[in-house]
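Structure record follows, encoded as structure tokens.
The values are calculated or read from the model by the stated rules, or taken from the named source; none is laboratory data. Quick caveat, the model's predicted, so the values are computed rather than measured. All Cβ positions, glycine included, derive from the backbone under ideal geometry; neighbour counts span all protein chains shown.
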Amino acid sequence: MHFYTYDGSFEGLLTVVFEAYERKAWPDQIGREGEAPPGIFATHLFVPTDEAKAKRVWEGLGRKLSKEAWENVYKTYLWEQPGFEMLIFRFARLVFSSQQKGVEENFADACVQKIAAIGKQMFREKHRMEAFIRFQRTQDGLFLAPISPDFNVLPLIITHFEKRYADQPWLIYDVRRQYGAYYDLEQVSLVSLEEAPRGLRQGQLSPDILTEVEPLYQQLWQTYFDHVNIPERKNKKLHLLHMPKRYWKYLTEKKPRQQAHQPIQNKQVPTELRQLNP
């Protein structure tokens, strides 16, 4: 039994694919560095990441797959569910063993079916994150948004927010995986906070780090959300389908409304908002 391990990176996993072909020794299981072999008779091999080898595998897959199927390989890595490494390896072996393009259309193969299904799952989660992210402005001018997606979709949504919010610094932080995407008005960097702000995991940041007008912005959004709601057309089942409850703790409009129904004094409202609150 061959047990391959790698450093956990996508490039590392592609290097495992390269090494398996080079050694002509197909893995029975692939795991991250530090994982124990599945049995005392397993042949364990740690494969260090090699950028050049990973690039050859990745470009080789790209030449034989459609753009969508090619991207689904990376999405399967971000999917993170148990067994995703072997799924990618089996799919890569199927692609490289084919003499022509179009392997991704062979839905009689369970591996092809699974990769395609994962692609759809990841697309839905990506779309939800792009729609559900709510920023809160801190005192240092940073717009901060906590998220906790089912799958690791942060790398997939960066481009969307980089284009849409190019004029403000922001940080989208995945509290489940403890890393985030930080935009400094020039480029996006992946970061990890040594000490996360209070309330970040619950999506309700401490007032100590927020600007004094942030609660007013949130109150206005909650008021708008209440007013556009039509009670007679309420459909809870459909609402939950499009906005699952697990995301609610990060949504401003779903937070407790203790302050939402208190009248806002015009003098408290920033100048740019007074036209919305005459």
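General remarks:
- The residues of segment 179-188 that are in contact with a helix residue (DSSP H, G or I) (Cβ under 9 Å, 6 or more places away or on another chain) and loosely packed, with under 14 Cβ neighbours inside 10 Å amount to a single one, 187.
- Enumeration of residues in segment 56-80 that are within 23 Å of the chain's Cα centre (by Cα) and free of Cβ contacts under 8 Å to residues at least 24 places away in the same chain: 62, 67, 70
- Of all residues in segment 28-54, those that are assigned to a helix (DSSP H, G or I) and over 22 Å from residue 152 (Cβ atoms) total 2.
- Per-region count, segment 132-162, residues free of Cβ contacts under 8 Å to residues at least 60 places away in the same chain, closer than 16 Å to residue 74 by Cβ and either surrounded by fewer than 19 Cβ atoms within 10 Å (Cβ to Cβ) or not assigned by TED's automatic domain parsing to the domain that holds residue 186 (or both): 2
- In the set 128, 124, only one residue is under 30 Å from residue 249 (Cα atoms) and touching a helix residue (DSSP H, G or I) at 6+ places or on another chain (Cβ under 8 Å); that residue is 128.
- Segment 14-57 - residue that is among the aliphatic types (A, V, I, L, M) and out of contact with any strand residue (DSSP E or B) (no Cβ under 6 Å at 6 or more places or on another chain) and, of those, farthest from residue 73 (Cα to Cα): 40
- Test: residue in segment 179-189 that is touching an Asp or Glu at 6+ places or on another chain (Cβ under 8 Å), free of Cβ contacts under 8 Å to residues at least 24 places away in the same chain, closer than 19 Å to residue 137 by Cα and among the hydrophobic types (A, V, I, L, M, F, W, C): yes
- Selection count where residues are surrounded by fewer than 10 Cβ atoms within 10 Å (Cβ to Cβ) and modelled with pLDDT under 65, scope segment 229-278: 9
- Across segment 1-27, the number of residues qualifying as in a loop (DSSP other than H, G, I, E, B) and in contact with a helix residue (DSSP H, G or I) (Cβ under 8 Å, 6 or more places away or on another chain) comes to 2.
- Taken over segment 63-78, the criterion of being surrounded by 15 or more Cβ atoms within 10 Å (Cβ to Cβ) and assigned to a helix (DSSP H, G or I) is satisfied by 64, 69, 70, 71, 72, 73, 74, 75, 76, 77, 78.
- Residue 124 vs. criteria of a type in the set (Lys, Arg) and buried (at least 17 other Cβ atoms within 10 Å of the Cβ): no
- Flag if residue 18 is touching a residue at least 24 places away in the same chain (Cβ under 8 Å) and more than 26 Å from the chain's Cα centre (by Cα): yes
- Residue within segment 71-91 that is touching a helix residue (DSSP H, G or I) at 6+ places or on another chain (Cβ under 8 Å) and among the small types (Gly, Ala, Ser) present: no
- Annotation: of all residues in segment 163-178 being in contact with a helix residue (DSSP H, G or I) (Cβ under 8 Å, 6 or more places away or on another chain) and part of a strand (DSSP E or B), the one that is farthest from residue 79 (Cα to Cα) is 170.
- The condition of being over 30 Å from residue 186 (Cβ atoms) and part of a loop (DSSP other than H, G, I, E, B) holds for only one of 121, 81, 113, that being 81.
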